Every structure is written in C-alpha cells, then in structure tokens.
Amino acid sequence: MKKKYQNGFFAFGLLVLIVMVTQLDFAQVWSGLKHAGYWFFAVVALWTVLYVFNAAAWFVIIKAQVPNEELARLSKESGKPVSATPFSFWWLYKVTVSGFALNYATPGGLMGGEPYRVMELAPKIGTARASSSVILYAMTHIFSHFWFWFISIFLYILTRPVNVFMGTVLTIVGSFCILGLWFFMVGYRKGLAVRAMKILRHVPFVKRWARGFIEVHREQLDTVDQQIAALHNQNPKSFVLAVVLELLCRFGAALEVFFVLLILMPSVNYIQCVLILAFTSLFANLLFFMPLQLGGREGGFLMSVNGLGMTASAGTFVALIVRIRELIWTGIGLLLIKIDKQNPKK
C-alpha cells in the first residue's frame, strides 16, 4: 500500500480513537481497572489468541481461492513453486488486527477495515482476488455471528426457564437468524458483489454513484462473484473450516465476559457468559452505524445480565472492562498499520 494511503488510514483511526477516549470517565476507568486487577491483563491477552482464529479463517479463504491444479500449472510455467499465499501468516495477522481496529473506529463498521485490507493485500495477490477474499471473509465473519446467535437460542432453552415473553423474543430472534443464514447461503452460492451493488442503486444519496460504478466495473464485479461462489462450490471443506474457525472465535470471546464476572461472582458459569455475549452482540450489531457501537454495547450488557438475574452493576462493570480492552486493541491495531516492512521490488 502507498504510504499516503497508509498514513491516511492511521490518521483517521487515531483521530476517532482520541475522540472516543475523551468521552471516558477516567475516575470510573481507574476504579474499574483497580477492581479488575490481573484479570484485566488476561482479558487483553485473550484477544491475542482470538485474532489468530480470525486471521486463520481469512488465510484459509485466500489459500482456497487458487485450486491445487492451478498452482501446479503456474509452478510448471514459471519453473519454480508458486504459492497461493505469497506472504506469511503473521503478516496477515497484522493486517487482520489493523482491519478490526479501523472497523471498531469507523461508523458503519465495514467502511474502514475492509478497504484497508483490500489495499494491503492487492499488491500481493491482485485486486480481484484481494477484493473477493475480503468480501468472503466479511461474509464469513457475519455468517458465524448468525450461527452463534442461533445456537445460543437452544442453549438458553436448555439452561433457562422460558416464559411467554422470552418465548416470543426467542422466536423473533430465531426467525431473524434463519433469514440471515439463508441470505448468506444464497450469497455464497451465487456471489454477492453484483447483488449488493444493485441494492445500493435504490438507496438515496448513493444510488447515482452505484449505477455508474456497476456500468464501469461490471466485469470486475462478475469476477469477484465467481471467486466468491467458487469457495462454496469447489472448496466446501475450506468453506466449512473458515466458518468453524470464526464460530470458535465467537465462543472463545465469551471467556472475556467469564474472566470479568469471576471478579464479581465466583459462581458464574461459562454458558451464562455465552448467552450474555450472544444477546449483547446481537443488540450492538443492530446499532452498527455507531463507532465502537457506543451505547449499544453497554445497553446490551445491562439487558443481558438483568435477563439472567444478575445485577445492573455487573453489566456496567463488564461493559467498562470490555470497552477499555477494545480501545487498547484499537490503538494496537492502528500502530500496526505503521509497521510495514517493505519488500524490495522484483
């Protein structure tokens, strides 16, 4: 990526991060950190591992885009081994963390990290493959959320009493999840790039731009859709592996809530933390247009812990620690943007 674009992403993310940090109540933050003690470091360190799952899922998607037969042909033509992933896993890990940092800091979520990922990856594997792999990873990331929410419905039914109100809520959430799973399965089979742009043609303020973009880039959009469909149709094992890795990351993230609640209530169990995270992430993602989902995340924690019979103070404490962790990892991700070891041009 050109330095000017890299600096632009860094400067924008840093500006938003500074604004969000100034909104914190520093007395409350210090009190929360003292109360959390060493568990706070465990929470921060946990995400070092969770981002490995995210990067691994994206790595699998990129590698599966080029069939082994095609790699063999290219290697034969060039006279030397050709890799589908001409970069290290840890370089992709760095880009993954930075991409999520920009997503956290950007209103609209996917409007910051995804362009950054494409621009970082394009010089290594080409714009078409970079674009399709980023779209595929974003789809897989969201797809795993729907599975996480859907599975959590049954965990709630098996572990908690269900009255008429909760039965109604779970039915609505279940219907929403089934609709989301169906939408993404269609997108995986037939591609999503052209369909997404067609939807934008009817959205006020961007429809004129979308129409012009489709006319100019129709061939590239078709290529991206073909590559998206190829993962599901030609590499089902890679598709399943990528989804499972992302889903494991969702369940692993529940350990964050578990670590924090252990400080307040040693009797808390892991299943409760999965349900808290599921409800909170569902509520927060409905407010995707807010930077770092400000307000939505806190409201989700408060409602979820109350729904499980815990105190409001427990929800406030969990939300505070998670918010500080997100800010720290956002800062780390932004710093990683500036760490770019340039390879000599061949």
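Taking the listed residues PHE143, PHE176, the one that is out of contact with any strand residue (DSSP E or B) (no Cβ under 7 Å at 6 or more places or on another chain), of a type in the set (Phe, Trp, Tyr) and surrounded by fewer than 19 Cβ atoms within 10 Å (Cβ to Cβ) is PHE176, with no other qualifying.
Annotation: ILE263 fulfils all but one of (1) in contact (Cβ under 8 Å) with a residue 40 or more places away in the chain; (2) open to solvent by 20 Å² or more (accessible area, probe 1.4 Å); (3) under 25 Å from the mean Cα position of the chain (by Cα); the unmet one is (3). Residues that are in contact (Cβ under 8 Å) with a residue 60 or more places away in the chain and assigned to a helix (DSSP H, G or I) occur in the range 169-182; there is at least one. Looking for something open to solvent by 50 Å² or more (accessible area, probe 1.4 Å) and hydrophobic (A, V, I, L, M, F, W, C) - is there at least one such residue anywhere in the range 185-197? Checked against the condition, which is being open to solvent by 50 Å² or more (accessible area, probe 1.4 Å) and hydrophobic (A, V, I, L, M, F, W, C), the range 185-197 yields at least one hit.
The values are calculated or read from the model by the stated rules, or taken from the named source; none is laboratory data. Nothing here was measured: the structure is a model prediction, and the numbers come from that model. Using ideal geometry, Cβ is built from the backbone for each residue, glycine included, and neighbour counts are taken over all protein chains shown. Calculation scope for accessible area: heavy atoms of the full protein, side chains included, ligands and nucleic acids excluded. Shrake-Rupley method; radii C 1.70, N 1.55, O 1.52, S 1.80 Å.
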